[in-house]
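Please treat every number below as a calculation from the coordinates, not as lab data. Small disclaimer: the values here were computed from a predicted structure and weren't measured. We place every Cβ from the backbone using ideal geometry, glycine too, and count neighbours over all the protein chains shown.
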Amino acid sequence: MLAVSHGKVKTTRLLLECGADLNIQDEEGSTALMCAAEHGHKEIVKLLLAQPDIDASLSDCDSSTALSIAVENGHRDIGVLIYAHLNYGRSEPATSKESPKPVATPKVENTIE
């Protein structure tokens with residue numbers, strides 16, 4: 001987490017390439033994603049969210065998540081990335097050119113018994 005807290009993108013990338021555990025939590029329950037969100041390191045947040053094994057929903061000992069930590073520390077742009085990842089499975093919000101896929105609604109038959 002030291003590389004993340006100091007905003008070292010290259011070092012973070014190298015650690016990930018060497019198989020660093022993305023979701024490991026320290027004694028307070030913080031993760032690398034929470035740390036990056038707290039310090040406003042947007043590029044590292046993007047890098048972490050791009051990893052298939054990242055769990056952005058983890059909470060620390062205070063029940064804070066990476067999303068709540070980003071927002072509490074005034075990093076709205078990072079909060080948007082994390083929110084999009086949690087809700088849409090990607091780190092970038094949908095652009096205006098992308099239309100959401102329609103949700104199938106069940107067909108309801110009007111039957112009277």
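So in the range 57-90, with the set limited to residues that are out of contact with any helix residue (DSSP H, G or I) (no Cβ under 9 Å at 6 or more places or on another chain) and of a type in the set (Ser, Thr, Tyr), which one is surrounded by the fewest Cβ atoms within 10 Å (Cβ to Cβ)? Selected residue: SER63. Counting only residues that are part of a helix (DSSP H, G or I) and over 15 Å from the mean Cα position of the chain (by Cα), the range 1-30 holds 12 of them. Which is over 21 Å from ASN87 (Cβ atoms) and among the basic types (Lys, Arg), of LYS10, LYS42? Every option except LYS10 fails the conditions.
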